[in-house]
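Report on the following structure.
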Amino acid sequence: MRQDLEAVKTKLLAYIVSSNEPSGVFKSQDFRGLYSDMKSMAGDDKIAYGKSVNKIKAELQEAILVKENTLLNIPLSPIDITAPWQDNGSRPELLDSEFGSQHPLTKELEKVIGIFTRMGFEAIESRQIDDDYHMFEALNFPKNHPARDDYDTFRTEEGFIPPAHTSTMQHRILVEEKPKLETDGYIASISYGRVFRNEDVDVTHDHTFYQCEGVFVSKEASLSQMLGTLRNFFEVYYGQSLKIRTQPGYFPFTEPSLEFMIERPAVLGGKPGDWLEMLGCGMIHPNVLAMAGIDPKVYRGFAWGGGIERLVMLKYGIEDLRHFESGKMAFLRKFA
C-alpha cells in the first residue's frame, strides 16, 4: 500500500509543477481515487491509510502555495513613474503582451452581445454619467416617487448621476431609432455597460457592476415574443435546452412587470425544480413610449435587463463577486 501511495503522490506533485491551475489537482481522478479506496477498508488499516492520505494532502497544499507564488512572481523591469525616462539606452523593458489577457467579464460580455446581435439586435454601449431625466423621469418615475428609493445611487455636486441601471439608455434608443418603425417596422437594440449603486459590498453585492438591457418595439410585440427571445438567449449561452417560468414583479417602466427564471442548467449542477431568477422584464409602459414620441395605441414593446456578473458566476461556479474587481492574478489566469 505504501508503494502505491508514494506513486500516486509523485504523480500528483508532478501535476502541480506542470499546471497553471495547481489547485485543480484536488479534482483529479487520481486524488479522488485515494478516498474511494478508503471505502473498502476497515479497522486499523482504514485509520492508517487515512492518516497517510491526509499527509499527502498536506504536502500537495504546500506544493500548490509554492506553485501559485511562482506564477505570481512575473519579473518586471523597474520603471520610474515620477518623470519620463531619458532616451539614453536606459529605457526599461515593458511587460510582454503574452502575460496579458482579457478580463473574464469582457470575454463573457462579448459572448452576450454576440448572441443578441445574431438575433438582429443593435448593440449600444451605455453612459457612465447621466442625468435625472434619463435615470428616472423618462422611465415613468415621477418626482419624489417612492420607487426611486429602490435605485439608491450616487450623485455629483452638479446633480449628475452615475447610472444605477442601463435603462437610462432606453429613452435615447426609442427617440433615436423611432424612424425605424416606419422603415423596418420595429426597434431592436440592447445597451450594455457599467452601473453604480450605493451598496454594501459582500460576496453577492458590489457598488459597481455590469448590466445588459434589451428593447424591442413593433405593432405586434408581445409577451410571448419576449419570453421566446430570452429563452433562446439563455439556451445559447448555457448550451442546452431550458425550462423557463415567470412571476409578477414591479418596475415603473414596464406593465406588466415580470421576474424571469430558468430551471438551473445541468451544466451548473442543476436539478429539476431548482429555479434561478435571472432578470427583470415586461411590456414597456405606455407612458415610456409616449415620452419618446411613440404612439402607444399603435405600437407596443418589451424590455428586459439583468446583470452580467450573475451570468458569469453561475456559469463558472465563482463564489465571490468581489473576485472580478480584485485584480488577483491567480483568479484572472483561470480565464486566460
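Mind checking which residues of the range 144-155 are under 16 Å from V288 (Cβ atoms) and either of a type outside the set (G, A, S) or at pLDDT 65 or above (or both)?
Residues satisfying the conditions are H145, R148, Y151.
For E259, indicate whether it is over 23 Å from the mean Cα position of the chain (by Cα), farther than 24 Å from R155 by Cβ and surrounded by fewer than 20 Cβ atoms within 10 Å (Cβ to Cβ).
It is false that E259 is over 23 Å from the mean Cα position of the chain (by Cα), farther than 24 Å from R155 by Cβ and surrounded by fewer than 20 Cβ atoms within 10 Å (Cβ to Cβ).
Only one of (1) surrounded by fewer than 16 Cβ atoms within 10 Å (Cβ to Cβ); (2) closer than 30 Å to I187 by Cα is not met by G301, so which one is it?
(1)
Name every residue in the range 203-253 that is among the polar types (S, T, N, Q), surrounded by fewer than 18 Cβ atoms within 10 Å (Cβ to Cβ) and either in contact with a Pro (Cβ under 6 Å, 6 or more places away or on another chain) or touching a residue at least 12 places away in the same chain (Cβ under 8 Å) (or both), in order of residue number.
Passing the criteria: T204, T208, S222, Q225, N232, Q240, Q247.
Could you give me the residue pairs with C-beta distances under 8 Å whose first residue belongs to the range 24-35 and is farther than 17 Å from A63 by Cα, whose second residue is of a type in the set (A, V, I, L, M) wherever it lies, and which are 6+ apart or on separate chains?
These pairs meet every condition: G33/V8; L34/L5; L34/V8; L34/V53; L34/I56; Y35/V53.
The values are calculated or read from the model by the stated rules, or taken from the named source; none is laboratory data. Remember, predicted model here, so these are calculated numbers, not experimental data. As a convention, Cβ positions derive from the backbone with ideal geometry for all residues, glycine included, and neighbour counts pool all protein chains shown.
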